[in-house]
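Take a look at the structure set out below.
The values are calculated or read from the model by the stated rules, or taken from the named source; none is laboratory data. Since the structure is predicted, the reported quantities are computational estimates derived from the model, not experimental observations. Note that each Cβ is placed from the backbone with ideal geometry, even for glycine, and that neighbours are counted across all protein chains shown.
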Amino acid sequence: MRADGVLTTVDVEAEHQRLAKQTFSEAGVPAQRARTIPGAALDVLPRLTDGHYDLVFCDGDKREYSDYLKEALRLLRPGGVVAFDNALWHDKVADSAQRDEETVAIRELGRTLVEAEGLLPVLLPVGDGLLAAKKIWIPE
């Protein structure tokens, strides 16, 4: 993170927020360098500043991943990265017979990132998968 950077985290779980603040403090991260915002991602993200972020990491409701992507593209600077956790979803994404809502949503997100102009996607098969895309440009 750059010297003037601020880590912003959004979470509906108050306990997660409390633990994040405690961990940042214990790690010596100055309070002004880490901002915790309580709430649901799709309620909070629209209120954040356009083009102000270098990285948007998504690990929420898988059925909302496409909506997170729309918000992330608005929030990211050119060259910024959006990343999605659980991109392999317990090895279900590659199995076309798996049709539950979460699996379908993640599968569609992968297709969207591959087909999108202005994004350079990569799927890392680590853990349960990390799907990331660098914002090169987004056509108007």
Requested in this report: Mind listing whichever residues of segment 1-15 are loosely packed, with under 13 Cβ neighbours inside 10 Å, more than 13 Å from ARG35 (Cβ to Cβ) and not acidic (Asp, Glu)?
Outcome: ARG2, ALA3, ALA14
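Considering each of VAL81, VAL93 in turn, give the residue that is at pLDDT 95 or above, surrounded by 18 or more Cβ atoms within 10 Å (Cβ to Cβ) and over 20 Å from ALA41 (Cα atoms).
Working: VAL81 fails: over 20 Å from ALA41 (Cα atoms).
Criteria check complete, one pass: VAL93.
Among the candidates ARG111, ARG33, ARG74, which residue alone is surrounded by 13 or more Cβ atoms within 10 Å (Cβ to Cβ), over 14 Å from VAL10 (Cβ atoms) and over 16 Å from the mean Cα position of the chain (by Cα)?
Values: ARG111 fails: surrounded by 13 or more Cβ atoms within 10 Å (Cβ to Cβ); ARG74 fails: over 16 Å from the mean Cα position of the chain (by Cα).
Unique residue meeting the criteria: ARG33.
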Query raised in the report: Among VAL12, VAL56, VAL93, VAL44, which is the only one that is within 24 Å of ASP128 (Cα to Cα), within 14 Å of the chain's Cα centre (by Cα) and hydrophobic (A, V, I, L, M, F, W, C)?
Result: VAL56
Query raised in the report: Of all residues in segment 114-135 being surrounded by 13 or more Cβ atoms within 10 Å (Cβ to Cβ) and at pLDDT below 95, which is nearest to LEU88 (Cα to Cα)?
Result: ALA116
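Do we find that PRO78 is closer than 26 Å to LYS134 by Cα and of a type outside the set (A, V, I, L, M, F, W, C) in this structure?
Numbers: closer than 26 Å to LYS134 by Cα: yes; of a type outside the set (A, V, I, L, M, F, W, C): yes.
So PRO78 passes the test.
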